[in-house]
Amino acid sequence: MRVKRLIVAGMCFLAVGCSPMGYSPPDDKGVLHLNFWNGFSGPDGATMERIVHQFNDEHPKIQVRMQIIPWGTYYDKVTLSLAFGGAPDVFVLHAQRVPEYATHGALAHIDRFVKEFGPEPSDFMPRQWQAGVVNGERFSIPLDCHPLGLYYNARLFREAGIVHPPTNEKEFEEDARRLTDPKKNRWGFVVTDFHLIGSTVFAQYGGGLMTEDLKKSALDDASSLDAVNRIIGWVKDGHICPKPDPGGAWGAFQTGRAAMAMQGIWMIDSIAHQEGLEAAAAPVPQFGPKPGVWASSHCLCMPAKLPENRQQAAYTFIKYLSDHSLDWAKAGQVPVRRSILTSKEFQALPIQREFAKQLPYVVYEPFSVSVNQCAGFADTAVEAAVQGVEPARETLQKAAQRVNRVLDLR
């Protein structure tokens, strides 16, 4: 509770513009030392370390020290450092968190650096480039996009005579039925994550956490109910999907007990060396009236109070990371620059290449300062409905009321 009070106080402190930073000048050899924070605690962290080392080798007057902080405590530490001192020169924010920090005056404006030093905005995919903009001003550069996608067991598909992964609801259900054999405890599909799958199906039906103007919840809209009923339909009869067990569902796919699973691009490493698994990937099928898939991006930011000389050095590093995002993609991410997406090197990455096909229609979580407070209400409602704990209509209406109470306090 004390930590939560400190974080709230930190955001208030940011709002009034008081943020003592205490940054060090260049050392006696003229070398400026920068700090870079992120939450890359998995195999992607080792990849980022290599990119940082490469930058340091090529920029002897700018040396970057990287600190990895697990995501579970990452945002608490970022908030407190920005408010009370010790903030890094460059740090990562997920796309949906950028508005929260920008509106509290915590992030540096970087439009002028983009205009002077690049990269060229037209080289970025439009949706991802827009993720760094709040109220018409740019506060971050998107390093990547990490969408949900469809993983499938190519061997099981081949043995069932299925020649390509499903692209729509009809194909999905037909394939899943052919791949399901409850007597062998093998399923066509498993539900891995209520938040990611719920957000994706909401996006395809036009419902979701908030309306487009971010003024109220859309969870009580008819489109949201249609979306949840679609997910319930996969589960209720047990013909294609077992009772959801998100804790064990991915393991079922890894071990061949499930032929399809929707998960994030970041799960690549967990299947790369899985013995006996012939994993492949495809875009998420279109279940609703329009394409849509959950996604986020790692956005590169600088503190608002960073001295000018450090801002220039920090932006040099930010641009370097963007320019080398092909290396980053190999760790299990999707780059967002057209020149990299169309390169032979990227097209040779089979999983990432398939996930990248969704970039034109990915859907980010609402760019609202309240999204972090509200997202859990939707997740709880989706889980309760799909697990049969409460009727879908009632649980969505309750969740909408909770979201609206938060939004009314803004």
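The values are calculated or read from the model by the stated rules, or taken from the named source; none is laboratory data. Please read all numbers here as calculations on a predicted model, not as lab measurements. Cβ placement follows ideal geometry from the backbone for every residue including glycine, while neighbour counts extend to all protein chains displayed. Please note that ligands, DNA and RNA were not included when accessible areas were found on the heavy atoms of the full protein model with its side chains. Shrake-Rupley method; radii C 1.70, N 1.55, O 1.52, S 1.80 Å.
Out of the stretch 374-397, which residues are polar (S, T, N, Q) and either in a loop (DSSP other than H, G, I, E, B) or not assigned by TED's automatic domain parsing to the domain that holds SER217 (or both)? Residue satisfying the conditions is GLN387 alone. Restricting the first member to the stretch 153-169 and to residues that are surrounded by 12 or more Cβ atoms within 10 Å (Cβ to Cβ), and the second to residues that are small (Gly, Ala, Ser) and modelled with pLDDT of 95 or more, the beta-carbon pairs closer than 6 Å and six or more apart or on different chains are ASN153/ALA259; ALA154/ALA280; LEU156/ALA259; PRO165/ALA282.
In this structure, is GLY288 outside any helix (DSSP H, G or I), buried (at least 19 other Cβ atoms within 10 Å of the Cβ) and assigned by TED's automatic domain parsing to the domain that holds PHE84?
Numbers: outside any helix (DSSP H, G or I): yes; buried (at least 19 other Cβ atoms within 10 Å of the Cβ): yes; assigned by TED's automatic domain parsing to the domain that holds PHE84: no.
Spelling it out, it is not the case that GLY288 is outside any helix (DSSP H, G or I), buried (at least 19 other Cβ atoms within 10 Å of the Cβ) and assigned by TED's automatic domain parsing to the domain that holds PHE84.
Say whether the condition of being touching a strand residue (DSSP E or B) at 6+ places or on another chain (Cβ under 7 Å), part of a helix (DSSP H, G or I) and not charged (D, E, K, R) is met by at least one residue in the stretch 267-283. The answer is yes, given that some residue of the stretch 267-283 is touching a strand residue (DSSP E or B) at 6+ places or on another chain (Cβ under 7 Å), part of a helix (DSSP H, G or I) and not charged (D, E, K, R).
Right, ALA203: open to solvent by 10 Å² or more (accessible area, probe 1.4 Å), hydrophobic (A, V, I, L, M, F, W, C), touching a Gly at 6+ places or on another chain (Cβ under 7 Å) and modelled with pLDDT of 95 or more or not? Write out each step before concluding.
On the way: open to solvent by 10 Å² or more (accessible area, probe 1.4 Å): yes; hydrophobic (A, V, I, L, M, F, W, C): yes; touching a Gly at 6+ places or on another chain (Cβ under 7 Å): yes; modelled with pLDDT of 95 or more: yes.
So ALA203 passes the test.
Counting only helices (runs of 4 or more DSSP H) that sit wholly inside the stretch 81-131, those with at least 1 residues that are without any contact (Cβ under 8 Å) to a residue 60 or more places away in the chain, open to solvent by 30 Å² or more (accessible area, probe 1.4 Å) and out of contact with any strand residue (DSSP E or B) (no Cβ under 8 Å at 6 or more places or on another chain) are 111-117, 126-130. Within the stretch 262-304, the set of residues being within 21 Å of the chain's Cα centre (by Cα), small (Gly, Ala, Ser) and within 17 Å of GLY198 (Cβ to Cβ) comprises GLY264, GLY292, ALA295, SER296. Selection of first residues in the stretch 312-331 that are without any contact (Cβ under 8 Å) to a residue 60 or more places away in the chain and in the same structural domain as HIS109 (by TED's automatic domain parsing) and of second residues that are surrounded by fewer than 22 Cβ atoms within 10 Å (Cβ to Cβ) and of a type in the set (Gly, Ala, Ser), restricted to Cβ pairs under 9 Å at least 6 apart or on distinct chains, gives the following pairs, ordered by first then second residue: LEU326/SER343. Checking each residue in the stretch 52-80 for being open to solvent by less than 50 Å² (accessible area, probe 1.4 Å) and over 24 Å from LEU107 (Cα atoms) picks out ASN56, HIS59.
Would you check if ARG177 is charged (D, E, K, R), within 17 Å of ALA281 (Cβ to Cβ) and open to solvent by 10 Å² or more (accessible area, probe 1.4 Å)?
When the stated conditions are applied, ARG177 does not pass them.
Taking the conditions (1) at negative phi; (2) at pLDDT below 95 in turn, PRO350 satisfies each one other than (2). Residues of the stretch 133-151 that are among the hydroxyl-bearing types (Ser, Thr, Tyr) and either surrounded by fewer than 24 Cβ atoms within 10 Å (Cβ to Cβ) or in contact with a Leu (Cβ under 8 Å, 6 or more places away or on another chain) (or both): SER140 alone. Condition (residue is crowded, with 20+ Cβ neighbours inside 10 Å and outside any helix (DSSP H, G or I)) applied to the stretch 246-257: is it met by at least one residue? Within the stretch 246-257, none of the residues are crowded, with 20+ Cβ neighbours inside 10 Å and outside any helix (DSSP H, G or I).
Of the residues PRO126, PRO166, PRO99, PRO119, only one is outside the structural domain of LEU277 (by TED's automatic domain parsing) and touching a helix residue (DSSP H, G or I) at 6+ places or on another chain (Cβ under 7 Å); which? Write out each step before concluding.
Details: PRO126 fails: touching a helix residue (DSSP H, G or I) at 6+ places or on another chain (Cβ under 7 Å); PRO166 fails: outside the structural domain of LEU277 (by TED's automatic domain parsing); PRO99 fails: touching a helix residue (DSSP H, G or I) at 6+ places or on another chain (Cβ under 7 Å).
Within the list PRO126, PRO166, PRO99, PRO119, the selection yields PRO119.
When PHE157, PHE113 are checked against the criterion of being among the aromatic types (Phe, Trp, Tyr) and farther than 22 Å from ALA356 by Cβ, PHE113 stands alone in meeting it.
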